[in-house]
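Down below is the structure, laid out as structure tokens.
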Amino acid sequence: MRATRFFISTLKEAPADAEIVSHKLMMRAGMIKRLGSGIYNYMPMGLRVIRKVENIVREEMNRAGAIEMLMPVVQPAELWQETGRWDKMGPELMRVKDRHGRDYIIQPTSEEAITDVVRSDIRSYRQLPVNFYHIQTKFRDERRPRFGLMRGREFTMKDAYSFDRDVEGLKKSYQIMFDAYTRIFQRFGLQFRAVAADNGAIGGSGSHEFHVIAETGEDALVYCPTSDYAANMEAAEAVALSATRPAANAALTKTATPGKAKCEDVAAFLNIPLESTVKSIVLAVDDEEKGEAGKQIWLLLLRGDHELNEVKANKIPGLANYRFATEAEIVEWFGTMPGYLGPINTKKPVHVVADRTVANMADFVCGANEADFHFTGANWGRDLPEPLVLDIRNVVDGDPSPDGKGVLAIQRGIEVGHVFQLGTRYSQDMKATFLDENGKPQLLQMGCYGIGVTRILGAAIEQNFDEKGIIWPTAIAPFEVVICPMGMDRSEAVKAETEKLYTAMLAAGIDVILDDRGERPGAMFADWELIGVPHRVVIGDRGLKEGKLEYVGRRDTEATNVPVAEMLAFVQSKLVAA
């Protein structure tokens, strides 16, 4: 590719609405251009990266035995009504009507569509297992689209769907996809981590997320450096920080704590460790049929320095549709304003849940359900009934690993892939069955596997950039090599060697671009450093007189002089090592 026959449009400054590094650099490098809120044109430079990502994904999916097809962007509402997601998905699901008033959706994912295909075409156990995938445009009506391709409304995703006859088969298909994803991210040249995750709105049982490691990542990844344990914050198990509960040593005492509504302030006022305090979080569950009479109030107790994990709370039986209680409800059930709440002497009965760590605390401090007062010396069994004990908190750095093989660490990551064991979540709703060896219908066991193709671009940049611009891993760079001739229009020697090397690289299968725009060296180099091409060859009269060409890797601090005749082999060695 010659630069004069391509489209290069770089900017010195990012648009004002670009917030994070990847968004700013992709806009400046001319890889994307905003068309509307959360909607972008993929410009030629950016599209080349997308196609390379797609090619790696496609090769590994085919290698894993998945079969490519293509499902429509627009899908009839009836399929989504069968599974209940027409109502459950909420405003992020883009709903449209055709000229006849029939309802459709602009798909964010394709579980319903593929299940409809399979229930009509898969009849016998002999046709199983099977795995279909496609790479297709998706749309989610984000409330606040931001961060460029990281949280846009329209994006490209690879989603795959496996179908098996039993749970054991599903587990095998799931492992095959897990291994394929591992190969995909290794080939991308990115640092990544696979972590156990919550299934969320997709449903089903087990799942894993694949995250690109980046300090700017939205997600907290929990892992044990001395074992294989890894999970996202939502799913990470928090073990009790004390194996047993100490004996009670202090008397229960109602203690004045004037104006001290936060655990930190109470601990400082009483001159005790924050770890000796217990915080109260009040949740409410409504009953649509019974109204006010059916309302339930729950009190969740955490150690003063810990935070509630809302996903874990949502899984507590009876709390699936909880909300945070209003101030009026708190006063009605506890007799006081927030800040002085606790499990002792509530005004009305509440459901009490204690985190595992809290359940093993003794002589703790909690609210007295009276303004400006806390109880000190509170103990389970003596001063209040034994609670329901569950894991309801976020883990913190240094917590014991649940596998008992070390302590936990936390790093930031960007989710770019997710694999799910769906089981019969969709096949049951949509009556997708097959006939077993005995001719009896059985529900299909289903898995689904997604990779955010366009999101990979943003994640890769968040992990690989410097003050000059993007640093693409070679496998997904828009071009592997750029040739930068100095004064090609003025020097026959430079022009001749440039054309010779360019032709040789093309013949060797190297994805090379020749910058023949006639730009000044400073501007030329700045463009390619911004765009992030990983390998650069500079050809100039001075070097040619010495029989040398100049090689600069995108991460190199100094150039390397290479004999003219050896440059092709030198670059090839760099590409092999990348």
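The values are calculated or read from the model by the stated rules, or taken from the named source; none is laboratory data. The structure presented is a predicted model; accordingly, all values stated were derived computationally and were not measured. We place every Cβ from the backbone using ideal geometry, glycine too, and count neighbours over all the protein chains shown.
Checking VAL533 against (1) assigned to a loop (DSSP other than H, G, I, E, B); (2) surrounded by fewer than 22 Cβ atoms within 10 Å (Cβ to Cβ): exactly one of these is not met. Which one? Condition (2) is where VAL533 drops out.
Mind telling me which of the residues VAL282, VAL222, VAL212 ends up being assigned to a strand (DSSP E or B), assigned by TED's automatic domain parsing to the domain that holds VAL311 and within 33 Å of the chain's Cα centre (by Cα)? Before the answer, list the steps.
On the way: VAL222 fails: assigned by TED's automatic domain parsing to the domain that holds VAL311; VAL212 fails: assigned by TED's automatic domain parsing to the domain that holds VAL311.
Only one candidate passes the filter, namely VAL282.
Out of the residues in the range 34-74 that are modelled with pLDDT of 95 or more and of a type in the set (Lys, Arg), which is farthest from VAL118 (Cα to Cα)? Result: ARG48.
Taken together, MET31, MET43 contain a single residue that is touching a Gly at 6+ places or on another chain (Cβ under 6 Å) and surrounded by fewer than 19 Cβ atoms within 10 Å (Cβ to Cβ), which is MET43. In the range 92-193, counting only strands (runs of 3 or more DSSP E) that sit wholly within it, the ones holding 2 or more residues that are free of Cβ contacts under 8 Å to residues at least 24 places away in the same chain span 94-97. Please list, ordered by first then second residue, the pairs with beta carbon atoms under 8 Å, 6 or more apart or interchain, first in the range 69-85 and in the same structural domain as ASP116 (by TED's automatic domain parsing) and free of Cβ contacts under 8 Å to residues at least 60 places away in the same chain, second part of a loop (DSSP other than H, G, I, E, B) and of a type in the set (Gly, Ala, Ser). Correct list of pairs: GLN75/SER110. Any residue that is touching a Ser or Thr at 6+ places or on another chain (Cβ under 8 Å), more than 21 Å from TYR133 (Cα to Cα) and surrounded by fewer than 24 Cβ atoms within 10 Å (Cβ to Cβ) - is there at least one of those in the range 421-428? No; the residues of the range 421-428 include none that is touching a Ser or Thr at 6+ places or on another chain (Cβ under 8 Å), more than 21 Å from TYR133 (Cα to Cα) and surrounded by fewer than 24 Cβ atoms within 10 Å (Cβ to Cβ). LEU575 meets the conditions (1) of a type in the set (A, V, I, L, M); (2) loosely packed, with under 12 Cβ neighbours inside 10 Å; (3) touching an Asp or Glu at 6+ places or on another chain (Cβ under 9 Å) in every case but one. The failed one is (2).
I want to confirm something. Restricting to the range 411-451 and keeping residues that are among the aliphatic types (A, V, I, L, M) and under 15 Å from the mean Cα position of the chain (by Cα), which single residue is farthest from LEU221 (Cα to Cα)? Among them, the one singled out is ILE451.
With respect to ILE410, determine if the residue is crowded, with 21+ Cβ neighbours inside 10 Å and either in contact with a helix residue (DSSP H, G or I) (Cβ under 7 Å, 6 or more places away or on another chain) or modelled with pLDDT of 95 or more (or both). Steps first, please.
Working: crowded, with 21+ Cβ neighbours inside 10 Å: no; either in contact with a helix residue (DSSP H, G or I) (Cβ under 7 Å, 6 or more places away or on another chain) or modelled with pLDDT of 95 or more (or both): yes.
When the stated conditions are applied, ILE410 does not pass them.
Looking at ILE476, ILE483, ILE461, can you tell me which residue is touching a helix residue (DSSP H, G or I) at 6+ places or on another chain (Cβ under 8 Å), within 15 Å of ILE20 (Cα to Cα), modelled with pLDDT of 95 or more and aliphatic (A, V, I, L, M)? Spell out the reasoning first.
Numbers: ILE476 fails: within 15 Å of ILE20 (Cα to Cα); ILE483 fails: within 15 Å of ILE20 (Cα to Cα).
One residue alone meets the criteria, ILE461.
In the range 529-563, how many residues are in contact with a Lys or Arg (Cβ under 8 Å, 6 or more places away or on another chain) and of a type outside the set (D, E, K, R)? Total meeting the criteria: 11. When the test is whether a residue is assigned to a helix (DSSP H, G or I), of a type in the set (Gly, Ala, Ser) and surrounded by fewer than 22 Cβ atoms within 10 Å (Cβ to Cβ), ALA496 passes it. Restricting the range 75-115 to residues that are among the acidic types (Asp, Glu) and modelled with pLDDT of 95 or more, the residue that is farthest from the chain's Cα centre (by Cα) is ASP98.
Here are ALA293, ALA240, ALA261: which of them is of a type in the set (A, V, I, L, M, F, W, C) and more than 30 Å from ILE410 (Cβ to Cβ)? Walk me through how you get there before you give the answer.
On the way: ALA240 fails: more than 30 Å from ILE410 (Cβ to Cβ); ALA261 fails: more than 30 Å from ILE410 (Cβ to Cβ).
Just one listed residue meets the conditions, ALA293.
With respect to (1) surrounded by fewer than 17 Cβ atoms within 10 Å (Cβ to Cβ); (2) under 34 Å from the mean Cα position of the chain (by Cα); (3) not β-branched (Val, Ile, Thr), the lone exception for ARG356 is condition (1). The condition (being assigned to a loop (DSSP other than H, G, I, E, B) and in contact with a Gly (Cβ under 9 Å, 6 or more places away or on another chain)) is satisfied by just one residue among GLY339, GLY318, GLY398: GLY339.
Residue pairs whose Cβ atoms lie under 7 Å apart, sitting 6 or more positions apart in sequence or on different chains, and linking a residue in the range 261-273 that is in the same structural domain as PHE373 (by TED's automatic domain parsing) to a partner that is surrounded by fewer than 16 Cβ atoms within 10 Å (Cβ to Cβ) and of a type outside the set (A, V, I, L, M, F, W, C), are ALA267/PRO273. Has the range 338-349 got any residue that is closer than 29 Å to VAL396 by Cα and surrounded by fewer than 18 Cβ atoms within 10 Å (Cβ to Cβ)? Scanning the range 338-349, I find at least one residue that is closer than 29 Å to VAL396 by Cα and surrounded by fewer than 18 Cβ atoms within 10 Å (Cβ to Cβ), so the answer is yes.
Could you identify the single residue in ARG48, ARG95 that is over 30 Å from ASN438 (Cβ atoms), buried (at least 16 other Cβ atoms within 10 Å of the Cβ) and charged (D, E, K, R)? Of ARG48, ARG95, the one residue that is over 30 Å from ASN438 (Cβ atoms), buried (at least 16 other Cβ atoms within 10 Å of the Cβ) and charged (D, E, K, R) is ARG48. Within the range 295-304, is there a residue that is at pLDDT 95 or above, assigned by TED's automatic domain parsing to the domain that holds HIS374, of a type in the set (Lys, Arg) and touching a helix residue (DSSP H, G or I) at 6+ places or on another chain (Cβ under 6 Å)? Yes; the residues of the range 295-304 include at least one that is at pLDDT 95 or above, assigned by TED's automatic domain parsing to the domain that holds HIS374, of a type in the set (Lys, Arg) and touching a helix residue (DSSP H, G or I) at 6+ places or on another chain (Cβ under 6 Å). Restrict the check to the range 134-155 and report whether at least one residue is buried (at least 22 other Cβ atoms within 10 Å of the Cβ), in the same structural domain as ALA66 (by TED's automatic domain parsing) and of a type in the set (Asp, Glu). For the range 134-155, residues buried (at least 22 other Cβ atoms within 10 Å of the Cβ), in the same structural domain as ALA66 (by TED's automatic domain parsing) and of a type in the set (Asp, Glu): absent.
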